[in-house]
Structure formats: structure tokens, C-alpha cells
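The values are calculated or read from the model by the stated rules, or taken from the named source; none is laboratory data. Everything numeric here is computed off the predicted structure, so don't read it as measured data. All Cβ positions, glycine included, derive from the backbone under ideal geometry; neighbour counts span all protein chains shown. Surface areas here come from the heavy atoms of the whole protein model, side chains and all, with no ligands, DNA or RNA. Shrake-Rupley method; radii C 1.70, N 1.55, O 1.52, S 1.80 Å.
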Amino acid sequence: MLGFTRYVSRTGPAKATFVGGLRRQRERRSGFNPHGQLVKALKADIAFRTGGSYLGGVVDVVKDRWKPLYGALRSGARTYLASLGDPQQVDLAQTREAIAAVGPLAVKINPHFGLRFADGRREAVRLHFDEAPPSPEITTAMLHLMARHMDQILPNAEPVLVDLRRGTTHRIDPSARPADIESWLAGEAAAFTAMWSTTTPPAA
């Protein structure tokens, strides 16, 4: 989902360049996730109702090369944590992955975690770590894909995208037309698939 939603936010030749980069990354079997320990710390603070103490210490335990990244993300993560309200009123909820068929493309839908509030609300949370805020295209695509498969991911939950550097939460635009989004994503998926095929090296 991350690769596809980043693709749809690009225009012109940048789309082909991005797909080519993804293809090379797949061939090298690279793709290490540098944010894993930060996500674990945030989830621990939610689960144990520790008010940010795990986030406070996580910068000290990561490798030196990741300390600037974690330092940049920690403030926004704390802002997001505070925005959840009374820690006693929110718990983690188990989410499941789903596979979305978007035109000819299979897209894995994988929120980072789920939330269950004391008033009965549920949220499936996807985190955005990039230095730039999520574009409208990324936000629309991610939220729509999660909403479309929420019965599998976390029944009766609302999808949210959290811009972790700024601690802000994005939700589905109620004025958006799902049919229009479906048509747009199907077209983007067809183009993505075509570009991916053209970047595939010939068989040895």
C-alpha cells in the first residue's frame, strides 16, 4: 500500500522513475523499516498507559544513524498520543492485513495498529513518517483502501492516517465520492502495472 499510494501522488515522468526504483529495490530484496522501534514504543505507551515514557526513551536505544530520525518523529508522536485523550479510555485493538484488488494490481492493506475507545469507537491507524506531510492523493488513497476492507482489518472501525511528524490525524472526507475514487485508483493501478512490466529485466 505504501508504494502504490506514493506512486499515485507523483506526476509525469516521476511516476516511471518511482516505479523503476521500487523494482530495483525488490530485486535487491531491500526495504528495511527504520521506524519499527518507534512504532513499538508508541504502542507500548498506549497499551500500558505510560503517557509517552516509552517514546521518551526510544531515541536512546536506537543506532546512532537513526537518532536524528527518531528525534524528529518523537515530538509529533507525543502530540498524537496526547490527542487520544484519557489513557484509561483507549486500548490497542488487533488488526489484520487485507489484500485489495485495485484494477489489475493486488495491494496489501496493512495498518500499523488498531484502537478501541471506551465509548465503543474503533480506529484502524496507518502512520505517515515522511518529512513532507501526506499529499491529498496519498491521504485519499490510503483511507479509501482501508475503508473498503475494514470488515477484514478491524470491523466497524474508522480508518485514520496519522502524520506522525506533526501529530495530526487525517480522516475520510465525507464529501468524497467512493465511485470516483475507485475509478481513479483503477486507472492508476493499470498504469503502475504497465510501468512495472516495462522495468522488468529480461529472463536470463
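Computed in the context of the full set of protein chains, the accessible area of the chain at 1.4 Å probe radius has 53% of its extent on carbon or sulfur. Shown here for the range 108-163: GluC sites (Glu not before Pro) in loop regions (DSSP other than H, G, I, E, B) with at most 16 other Cβ atoms within 10 Å, namely Glu131. Surface calculation, 1.4 Å probe, protein heavy atoms: Lys15 sits at approximately 30 Å² accessible. Once the Kirkwood radius over Cα pairs is known for the chain, the Stokes-Einstein relation at 20 °C and 1.002 mPa s delivers a diffusion coefficient of 118 µm²/s.
In the context of the full set of protein chains, the range 12-71 has a per residue accessible area of 62 Å² (1.4 Å probe). Note on the chain: with a GNM built from Cα contacts shorter than 10 Å, the maximum mean-square fluctuation among Leu73, Leu22, Leu55 falls on Leu22. Just want to confirm a number: the relative contact order over the chain, from Cα pairs under 8 angstrom separated by 6+ residues, in percent. So the answer I get is 23 percent. Here the label points at Gln94 and Ala72, each 7 Å from Cα along the C-beta direction, are separated by 3.6 nm in the simple model. Each Lys and Arg Cβ is given +1 and each Asp and Glu Cβ -1; about its Cα centre, the chain then shows a dipole of about 680 debye.
Each residue of the range 86-100 is assigned a 3J(HN,Hα), and the resulting list reads 4, x, 6, 9, 9, 9, 6, 10, 6, 10, 10, 6, 9, 10, 9 Hz, derived from the Karplus form 6.51 cos²θ - 1.76 cosθ + 1.60 (θ = phi - 60°), x at Gly and Pro. Take the convex hull of the alpha carbons in the range 38-84; its mean projected area over all directions comes to 2.8 nm². When only Cα pairs below 8 angstrom with a gap of at least 6 residues are kept, the range 92-204 shows a relative contact order of 26 percent. Exceedance of the 23 Å cut-off in Cα-Cα distance is limited, within the set Lys63/Lys108; Lys67/Lys108; Lys40/Lys108, to Lys63/Lys108; Lys67/Lys108. Value of Rg to Rh for the range 24-127, rounded to two decimals, is 1.03; Kirkwood radius and Rg both from alpha-carbon coordinates. Of the residues Leu161, Leu84, the one with the largest accessible area comes first in the ranking Leu84, Leu161, computed with a 1.4 Å probe on protein heavy atoms. Between the residues Trp196, Ala44, Ala124, the greatest Cα displacement towards the positive end of the dipole of the chain, with unit charges on the Cβ of Lys, Arg, Asp and Glu, is found for Trp196. Distance from the Cα centroid of the range 102-133 to that of the range 146-171 is 4 Å (rounded to whole angstrom). In this Cβ point-charge picture (+1 for Lys and Arg, -1 for Asp and Glu), the range 35-103 has a dipole of about 220 debye about its Cα centre.
Beta-bridge orientation, the chain: approximately 75 percent antiparallel, per DSSP, counting only bridges with both partners inside.
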